[in-house]
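Each value in this text was obtained by applying a stated rule to the coordinates, not by laboratory testing. Owing to the predicted nature of the structure, the values given are computational and were not obtained by experimental measurement. When we count neighbours, we look across all protein chains shown, and the Cβ atoms used for this are built from the backbone with ideal geometry, even at glycine.
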Amino acid sequence: MRLENKVALITGGANGVKGDLMGFGGACAWRFVQEGAKVVIADLDASNGEETAKQIKKEAGNAEFIRLDVTKDSDWKSAVDFTIKAYGKLDILVNCAGTASVERVEDTTEEIWDAQMDVHAKGALLGTQAVLPLMIAHGSGSIINLSSINGLIGSQSSTAYHAAKGAVRLLTKNTAIQHAKDGVRANSVHPGYADTPMTKPLFSDEDALALRLNKVPLGRLGTADEIANGIIYLASDESSFVTGSELVIDGGMTAQ
Ligand SMILES: NC(=O)c1ccc[n+]([C@@H]2O[C@H](COP(=O)([O-])OP(=O)(O)OC[C@H]3O[C@@H](n4cnc5c(N)ncnc54)[C@H](O)[C@@H]3O)[C@@H](O)[C@H]2O)c1
């Protein structure tokens, strides 16, 4: 019970329906509850989100769903109010919502750029701003932002995604530095290529998959559970001296 008595708000957690391929947020929702936490799943996808919360409630413990667009400040206020009404406090924020983009520099339109910056960088900023007052008042809190290996290194594609994930990395460090004195920790997670609903369309293409796996020393895709394992550590008090750090979970890809 590594998260006993903790309350977590997890964005992008809708893909947690049993029997379906899970995303990182969906896997976290299950694993957090199994470790003793109460969770609110917040996502644009109400259908899968409601179903995930329903299944967790039936089989594991406390889970609720609220529809949230991470790019909208008013939605964040509602999600935080909802969490407080449901569970009375908020200890952990996992900023996991995201979308993919694949374009090279010259093909990155303003619309693609803005959409990537909005969902990843602005979404994480608005979420951080929404939970900070509560965490400061409580004297503790853990914010975990999903960046990516693409927030650490460049590649032949996904320009706006890389830039947005790089912004998430440094937003995390600023949050960590500015709020360490308040007892609030912030860390970024940098997954490598993993098998989730978001990547399924791209990795179903054999050539695109082989191109990527060739660069991974462990030679396979990661799973949502393997990423959730790292997020649980950062959410729990086991990581009480860890803030402003980057947890890379990538099968060795960025070690070379
Ligand atoms: N899968 C990978 O290989 C990989 C690697 C590195 C980083 N990541 C990052 O990890 C996070 C989770 O990815 P995943 O692959 O598990 O995703 P996933 O398949 O679970 O899908 C992401 C979720 O975010 C939700 N979402 C999208 N836009 C939203 C918005 N505006 N407001 C609220 N919810 C929104 C979607 O509805 C979906 O449920 C993302 O930030 C992604 O960029 C993924």
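Whose amide H sits under 5 Å from the amide H of residue 141, counting only residues 5 or more places off or on another chain, with H placed in the peptide plane?
For residue 141, whose amide H was placed from the backbone, the distant partners under 5 Å are 185.
Can you tell me how much longer the chain between residue 210 and residue 254 gets when fully stretched, taken as 0.36 nm per residue apart minus their C-alpha distance, in nm with one decimal?
Values: separation 44, 0.36 × 44 = 15.84 nm, distance 1.70 nm.
Here the segment from residue 210 to residue 254 would lengthen by 14.1 nm.
Under a GNM of the chain (C-alpha, springs under 10 Å), which listed residue has the highest mean-square fluctuation: 210, 186, 160?
Comparing 210, 186, 160 in the GNM, the peak value goes to 210.
Under a 5 Å amide H to amide H cut-off, with H placed in plane at 1.01 Å, what residues pair with residue 63 once short-range neighbours are removed?
The list, which skips near neighbours in sequence, is 39, 57.
Taking the Cβ of residue 101 as the center, what net charge do the other residues with Cβ under 12 Å away carry, scoring Lys and Arg +1 and Asp and Glu -1? Present the calculation step by step, with values, prior to reporting the outcome.
Details: positive: 104, 165; negative: 103, 107, 111, 114, 118.
Local net charge: -3.
Sorting 233, 193 on the 10 Å Cβ count, fewest up front, what's the list? Kindly include the intermediate steps, with their values, before the conclusion.
On the way: 233 16, 193 22.
Taking fewest neighbouring Cβ atoms as first place, the list is 233, 193.
What percent do you get for the relative contact order of the range 7-255 when only Cα pairs under 8 Å and 6+ apart count?
Numbers: 522 pairs, mean separation 46.8, N = 249.
Reported as a whole number, the value is 19 percent.
With no solvent and one point per C-alpha, what does the Debye sum give as log10 I(q)/I(0) for the chain at q = 0.09, 0.14, 0.17 Å⁻¹?
-0.35, -0.89, -1.34
Among the listed pairs 85/173; 6/57; 85/165; 54/85, give every one whose C-alpha distance is greater than 22 Å. If you can, show how the numbers build up before the last one.
Numbers: 85/173 30 Å; 6/57 16 Å; 85/165 32 Å; 54/85 18 Å.
Exceeds cut-off: 85/173; 85/165.
Could you work out the mean projected area of the convex hull around the alpha carbons of the range 1-144, in square nanometres to one decimal? Kindly include the intermediate steps, with their values, before the conclusion.
On the way: hull surface 35.9 nm².
Projected over every direction and averaged, the Cα hull of the range 1-144 covers 9.0 nm².
What nm distance separates the two modelled labels at residue 202 and residue 177, each placed 7 Å from Cα along Cα→Cβ?
It works out to 3.0 nm between the two label points.
Neighbouring Cβ atoms within 10 Å as the yardstick, rank 169, 104 fewest first. Don't jump to the answer; show the numbers that get you there.
Details: 169 17, 104 11.
The fewest-first ordering by Cβ neighbours comes to 104, 169.
With unit charges on the beta carbons (Lys and Arg positive, Asp and Glu negative) and the dipole taken about the Cα centre of the range 16-159, which residue among 46, 136, 16 sits farthest to the positive side?
In the range 16-159, that residue is 136.
For the chain, with a Gaussian network of springs between Cα atoms less than 10 Å apart, report the residue from 55, 156, 178 with the top mean-square fluctuation.
156
Starting from the coordinates of the alpha-carbon atoms of the range 130-256, obtain the Kirkwood hydrodynamic radius over all distinct pairs and give the value in Å to one decimal.
That comes to 15.6 Å for the range 130-256.
Can you sort 1, 135, 198 so the residue with the fewest Cβ neighbours within 10 Å comes first? If you can, show how the numbers build up before the last one.
On the way: 1 10, 135 24, 198 17.
In increasing order of surrounding Cβ atoms, one gets 1, 198, 135.
Please give the contour-minus-distance gain from residue 241 to residue 67: 0.36 nm per residue of separation, less the Cα-Cα distance, rounded to one decimal in nm.
Numbers: separation 174, 0.36 × 174 = 62.64 nm, distance 3.31 nm.
The residue 241-residue 67 span can extend by a further 59.3 nm.
Relative to the longest principal axis of the C-alpha atoms of the chain, give the angle of the C-alpha long axis of helix 24-34, reported between 0 and 90° and rounded to the nearest 10°.
It is inclined by approximately 30 degrees.
Using every alpha carbon pair in the range 1-41, what percent of pairs falls into each 10 Å bin from 0 up to the bin containing the largest distance?
Each 10 Å bin holds this share of Cα pairs: 36, 51, 13.
If one takes the longest principal axis of the Cα atoms in the chain, at what angle in degrees, from 0 to 90 and to the nearest 10, does the Cα axis of helix 224-235 lie?
Around 50 degrees separate the two axes.
The range 1-27 to the range 178-202: how many Å between their Cα centroids?
13 Å
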